[in-house]
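Report on the structure given below.
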Amino acid sequence: MTDNYQLPLNEIYLGDCIKLLKKLPDESVDLVVSSPPYNLGKEYEAKQALEIYLQEQTVILRECSRVLKSTGSLFWQIGAFSNKGMLIPLDIRFFPILESCELIPKNRIVWARQHGLHARKKFSCRHETLLWFTKSDNYIFNLDGIRVPQKYQNKKHYRGNRKGELSCNPNGKNPGDIWLFRNVKHNHEEQTIHPCQFPEDMIARIILSTTNKNDIVLDPYMGSGTVAVVAQDYERYFIGAELEPKYHQVALRRLSKEPDQNECFPNLKTLRDYVEETGETIEKFRFDMQVAKKASERSKAKIYSEEYHLQEMEDRLLYEEAAFAANLRGEEPPIDRKPNGNGKKTPIRKQDKVEQIQLNLWD
Ligand SMILES: C[S@@+](CC[C@H](N)C(=O)[O-])C[C@H]1O[C@@H](n2cnc3c(N)ncnc32)[C@H](O)[C@@H]1O
């Protein structure tokens, strides 16, 4: 058992994560969660660069496995390597590396996105993955802390011993392995100057399910500090590193929750949290990404849950496939209920109701 006082708790090391990792004792952290950099540099041919990158990642992952406690978990979030028309899903290459670090695979979580770059000569990429591995079979998984609403919350048994009782757990269901947390891009209140942040809610799901209060969470590639911010919010300790001083600064400013000397915050979320906590007026402050003259208050913003986005995506995919099927058969396409991109739904006309019912039947 490691003495926590030896550890750089609640600090983000400014520098190369390998230096930090080498200093950490064996079996000292409860959770590793990270998204490594995968812009592979230009000095090599792409294929060679990928192999070198994977060798470097193997060194980092061996260290992460070494510092993980026997009850611990590791989540590695990766996308695809794309070069000259070739696309390699990186989780395929990371999976054997993680197994070689004597870790046990638990889930391959698909992080689906509604938006992204449109490909011309292949299908557009609409997901990344999170690989979850544990150090042993005796790992923490607090399902009750992260349940989501059941699809048919009020459905009851209609016969047998349990007739009349709810047929599903009223506390909600397991969220499953397809996640739809909105990417932190424009219009997202968490957005900082960092180009590829984790959404805080996604990290909250991981931290709440695989750690307990006062546990230690490590992110070797902290970026804008999302893992540290969420660990702090849920009373866990964090440890991490970030190579770039400008992102390191953003992470520290997010953690401080206070305005800087220019009355500025690293993102709209920290600004809104601050005015809600202190009662100060929002007009006094700015945030790094601000384009409008003044920041908007949270009470005036629309904030949707992950469930909403999942339903939206499901509806959209069903619509697109129904439109494709109709096109193949030379039939009238189903009506697009949100053609204007303003979030307002076109009311269903009587003659379209049949198609709507057909779409629902696929549930
Ligand atoms: C994909 S981003 C992580 C973003 C982070 N998840 C967030 O929510 O902001 C990867 C980060 O790793 C940093 N980085 C790259 N090489 C590093 C190294 N050797 N040690 C520490 N940080 C590094 C990059 O500067 C970048 O900010």
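The values are calculated or read from the model by the stated rules, or taken from the named source; none is laboratory data. Not measured: the values here are computed from a predicted model. Here the Cβ is made from the backbone with ideal geometry for all residues, glycine too, and neighbour counts use every protein chain on show.
Residue-wise test of (1) in contact with a His (Cβ under 6 Å, 6 or more places away or on another chain); (2) modelled with pLDDT of 95 or more; (3) hydroxyl-bearing (S, T, Y); (4) outside the structural domain of M202 (by TED's automatic domain parsing).
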| position | (1), (2), (3), (4) |
| --- | --- |
| R66 | no, yes, no, no |
| F81 | no, no, no, no |
| S100 | no, yes, yes, no |
| R126 | no, no, no, no |
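Before we move on, is T210 more than 16 Å from the ligand (Cβ to nearest atom) and buried (at least 17 other Cβ atoms within 10 Å of the Cβ)? Step through it out loud before you land on a result.
Details: more than 16 Å from the ligand (Cβ to nearest atom): yes; buried (at least 17 other Cβ atoms within 10 Å of the Cβ): yes.
Against the criterion (more than 16 Å from the ligand (Cβ to nearest atom) and buried (at least 17 other Cβ atoms within 10 Å of the Cβ)), T210 qualifies.
Name the residues in the range 59-83 that are of a type in the set (K, R) and within 16 Å of the ligand (Cβ to nearest atom), would you?
The answer is R62, and nothing else.
From the set of residues in the range 147-198 that are surrounded by 12 or more Cβ atoms within 10 Å (Cβ to Cβ) and of a type in the set (G, A, S), which is farthest from the ligand (Cβ to nearest atom)?
In this case the residue turns out to be S167.
Answer yes or no as to whether L130 is among the hydrophobic types (A, V, I, L, M, F, W, C) and more than 22 Å from Q197 (Cβ to Cβ).
On the way: among the hydrophobic types (A, V, I, L, M, F, W, C): yes; more than 22 Å from Q197 (Cβ to Cβ): no.
Spelling it out, it is not the case that L130 is among the hydrophobic types (A, V, I, L, M, F, W, C) and more than 22 Å from Q197 (Cβ to Cβ).
Taking the stated definitions as given, is E314 without any contact (Cβ under 8 Å) to a residue 12 or more places away in the chain, part of a helix (DSSP H, G or I) and out of contact with any strand residue (DSSP E or B) (no Cβ under 9 Å at 6 or more places or on another chain)?
Answer is yes for this residue.
Restricting to the range 223-236, count the residues that are among the polar types (S, T, N, Q) and more than 9 Å from the ligand (Cβ to nearest atom). Before you say what the answer is, go through the steps one by one.
Restricting attention to the range 223-236, the residues satisfying the condition of being among the polar types (S, T, N, Q) are 224, 226, 232.
Filter once more, keeping what is more than 9 Å from the ligand (Cβ to nearest atom): 232.
Going through the range 223-236 one residue at a time, the tally reaches 1.
For R254, work out the one condition from (1) surrounded by fewer than 20 Cβ atoms within 10 Å (Cβ to Cβ); (2) touching a residue at least 40 places away in the same chain (Cβ under 8 Å); (3) basic (K, R) it doesn't fulfil.
Result: R254 passes all but (1).
When residues of the range 213-222 are filtered for being of a type in the set (D, E) and within 12 Å of the ligand (Cβ to nearest atom), how many remain? First the steps, then the outcome.
Step one: of the range 213-222, the residues of a type in the set (D, E) are 215, 219.
Subsequent filtering for residues that are within 12 Å of the ligand (Cβ to nearest atom) retains 219.
The qualifying residues number 1.
Condition check ((1) at pLDDT 95 or above; (2) in the same structural domain as A228 (by TED's automatic domain parsing); (3) not β-branched (V, I, T)) across all residues:
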position: C17; (1), (2), (3): yes, yes, yes
position: E45; (1), (2), (3): no, yes, yes
position: V59; (1), (2), (3): yes, yes, no
position: E63; (1), (2), (3): yes, yes, yes
position: M86; (1), (2), (3): no, yes, yes
position: D91; (1), (2), (3): yes, yes, yes
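Condition check ((1) at pLDDT below 95; (2) within 16 Å of the ligand (Cβ to nearest atom); (3) among the aromatic types (F, W, Y); (4) not assigned by TED's automatic domain parsing to the domain that holds I18) across all residues:
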| position | (1), (2), (3), (4) |
| --- | --- |
| F238 | no, yes, yes, no |
| P245 | no, yes, no, no |
| V250 | no, yes, no, no |
| C264 | no, no, no, yes |
| T270 | no, yes, no, yes |
| Y274 | no, no, yes, yes |
| E277 | no, no, no, yes |
| D315 | yes, no, no, yes |
| L318 | yes, no, no, yes |
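Quick one: which strands (runs of 3 or more DSSP E) sit completely within the range 80-154 and have at least 2 residues that are touching a Phe, Trp or Tyr at 6+ places or on another chain (Cβ under 6 Å)?
Values: elements: 80-83, 86-89, 104-112, 127-134.
Strands (runs of 3 or more DSSP E) meeting the threshold: 104-112, 127-134.
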